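Asker: Following this message is one structure expressed as structure tokens.
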Amino acid sequence: MLLPVLAVFLPLFGAAIAGLFGRQIGDRLSQIVTCACLLTAAGISIYLFNDVALHGHAVNITLLDWIQSGTFSVNWGIKIDTLTAVMLVVVNGVSSMVHVYSVGYMSHDKSIPRFMSYLSLFTFFMLMLVTSANLLQMFFGWEGVGLASYLLINFWYEKDSANNASIKAFLVNRVGDFGFALGIFGCYMVFGTVDYTAMFVKAPDLASMQWVFLGHTWPALTTVCLLLFIGAMGKSAQLGLHTWLPDAMEGPTPVSALIHAATMVTAGVFMVARLSPIFEYAPDALQVVAIVGALTCIVAASIGLTQYDIKRVIAYSTMSQLGYMFFAAGVSAYSAAIFHLMTHAFFKALLFLGAGSVIHAMSGEQDMRKMGGIWRTIPVTYALMWIGSLALAGIGIDGLFGFAGFYSKDLILEAAIGSKTGVGTFAYVLGLIAAFMTAFYSWRLIIMTFHGKSRADHHTLEHAHESPWIMLAPLMPLALGAVFAGWYAFHWFGGEGRDEFWKGSIFVLKGHDSVGAAENVPEFEKWLPLGVALPGIIFAYICYVVKPEWPGKMARAAGGLYRLVYNKYYFDELYDRVFVKPAQRLGLALWHTGDEKIIDGIGPDGVAALSLRIAKRVGALETGYLYHYAFAMVIGVAGFITWFWVKG
């Protein structure tokens, strides 16, 4: 039982050593300790995956009795089943590569121990989230990930843009977390517990339970699931609560890879899959999940077509891929959602770290309009970016071989159309359109960054160079995952072995098995994802190599539509006008009127001013003339005599 504990708590140990003793042990030892802890945890996670997921030896450890209040009881424990085992490999595997990469990328930073400590702390909180045995422990990890993301996005706190981005991420996530907290309260009201096992046992009997609130009757499980999904929307940047994600690019590139690939943004997908025994009895909530996921998928992909910051393009790609995962969960294809979560972690971390290598080579430049013609200068990074882009676009041939994204994305689309529901068809159509856009913006990024005539200034181009091997080496395992993970793991996630693999971990009602239905989808619909991806690549090549004047002409022809997409559908401007500015005006009014004029004016400042005025008037009597004092004495004696006379 020691190994599961080490897999979870080793990152916390590394964070504590680097964070508390970083100044004493220095930069290099801080890097060694944190990297060693993460690599060891990753190795243990692979062992646990083999033992738990492949051999069925699930782990349930109670570490301590956490809360006992009346009938409310919560233990602190570690629960490792197949779902958690997959997440352990993803989280510790990707995070360990990010740690090693950071040794090179952050080599000139002045606060290396603090950065390494934050990375490890972030990983620990994510591990707490995925190994939780109850909703309250999950909420602890959930909030911890939010805190650590704030620290990492704002790592370069001297920059106003980093300050604003971190505050924005923190506040937007608080909106979702409020819904999540209400969902936890609702679960306790419905089930009388927040323990997973106990809730899952009771769920079938409570499927028809109703609540009366504000004179209306509400289905209890649907209400609870929708509240929980609001939390998932915030953490996983679904449409409406997504605006923090692109701004999170203000953090160092390793932070972008860690947040956007395997950890924070996938927490919502994991939560929905973990609670599948409850969501399955709330079909209306599942429809909402599918619709929001499909809309997120298409909106984010369209924005990615127009962006020029290399990291923001990949960030919107992450948002789009998360949409795929959610609409898969919405049609009960939970294993397909987790499959895409796993493959996406490999190729998206590869793309982000590859983008970091490009930025490193270009002396910090992130605008693709100021790049071009550098593929011969950084050939290893160029090749790795190709692998990541092929996996993202889902390129492969059914029955032969494909990159990782080919297997997982196609499984999601086939499950959506195989579900034979209106929502599934809606998600399938939007997913196909997004697949075309994904292929287009992926090769737009490749061509603008690496090909054509260089648009960089002379100084940047002169100093362009390949990244050191301490940065390139961690990309190799990620590249292997981007190439082979889908082909190797398909049997467990979408093939004949999935029922046994997911037994006791993911629950799907009879008649909801959309992954099984995907096997009977017509061949034409199976080939469509590749059929739209390849034209996307070809069209990108035409637009940015053969006819480079076309993008400008199309943008001018689109007019307002292009401006709408380029400005990210004006979500930020809308929220600024509806929420931010009114809140600022209210705050200023409470400050100047409520605090300064009323509270301080009447309270401390008013009392102090009154005391000062009295003191000044009393002080005026101290003239220094003897006859003034004699006159005051006479007045006093007269006053006393009068008082005694009146009193008799």
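Asker: Could you list, in sequence order, all residues of the stretch 113-147 that are more than 22 Å from Thr82 (Cβ to Cβ), of a type in the set (Gly, Ala, Ser) and open to solvent by less than 10 Å² (accessible area, probe 1.4 Å)?
Answerer: Ser120, Gly144, Gly146
Asker: Could you please let me know if Asn50 is farther than 24 Å from Gly268 by Cβ and assigned to a helix (DSSP H, G or I)? Outline the logic, then answer.
Answerer: On the way: farther than 24 Å from Gly268 by Cβ: yes; assigned to a helix (DSSP H, G or I): yes.
In short, yes.
Asker: Go through (1) in contact with a helix residue (DSSP H, G or I) (Cβ under 6 Å, 6 or more places away or on another chain); (2) buried (at least 17 other Cβ atoms within 10 Å of the Cβ) for Lys79 and report which single condition fails.
Answerer: (1)
Asker: I'm told Lys568 meets every condition in (1) at positive phi; (2) more than 34 Å from the chain's Cα centre (by Cα) except one. Can you identify the failing condition by its number?
Answerer: (2) is the only condition that Lys568 fails.
Asker: Of these, Asp600, Asp576, Asp572, which one is acidic (Asp, Glu), under 28 Å from Gly431 (Cβ atoms) and either in a helix (DSSP H, G or I) or in contact (Cβ under 8 Å) with a residue 60 or more places away in the chain (or both)?
Answerer: Asp572
Asker: How many residues does the stretch 562-577 hold that are open to solvent by less than 60 Å² (accessible area, probe 1.4 Å) and of a type in the set (D, E, K, R)?
Answerer: Of the residues in that region, 3 qualify.
Asker: Can you list the helices (runs of 4 or more DSSP H) found entirely within the stretch 362-476 that contain at least 2 residues being in contact (Cβ under 8 Å) with a residue 60 or more places away in the chain, open to solvent by less than 10 Å² (accessible area, probe 1.4 Å) and more than 30 Å from Val288 (Cα to Cα)?
Answerer: The qualifying helices (runs of 4 or more DSSP H) are 379-393, 422-450, 469-472.
Asker: Among the residues of the stretch 54-75, are any touching a helix residue (DSSP H, G or I) at 6+ places or on another chain (Cβ under 6 Å), surrounded by 22 or more Cβ atoms within 10 Å (Cβ to Cβ) and closer than 28 Å to Val272 by Cα?
Answerer: Looking for residues that are touching a helix residue (DSSP H, G or I) at 6+ places or on another chain (Cβ under 6 Å), surrounded by 22 or more Cβ atoms within 10 Å (Cβ to Cβ) and closer than 28 Å to Val272 by Cα, one finds none in the stretch 54-75, hence no.
Asker: List, please: which pairs have Cβ atoms under 6 Å, are six or more places apart or on different chains, and start with a residue in the stretch 36-59 that is more than 17 Å from Met116 (Cα to Cα) and end with one that is acidic (Asp, Glu)?
Answerer: Sorted first by the residue in the stretch 36-59, then by its partner, the pairs are His57/Asp51; Ala58/Asp81.
Asker: From the list Ala133, Ala85, which one is more than 19 Å from the chain's Cα centre (by Cα), at pLDDT 95 or above and within 26 Å of Ala58 (Cβ to Cβ)?
Answerer: Just a single option satisfies the conditions, and that option is Ala85.
Asker: Is it the case that some residue within the stretch 222-229 is buried (at least 24 other Cβ atoms within 10 Å of the Cβ) and within 12 Å of the chain's Cα centre (by Cα)?
Answerer: no
The values are calculated or read from the model by the stated rules, or taken from the named source; none is laboratory data. If you're wondering where the values come from, they're calculated on a predicted model, not measured in any experiment. Reconstructed Cβ throughout: ideal geometry from the backbone, glycine too, with neighbour counts over all protein chains shown. Protein only, heavy atoms only, side chains kept; ligands, DNA and RNA dropped before computing areas. Shrake-Rupley method; radii C 1.70, N 1.55, O 1.52, S 1.80 Å.
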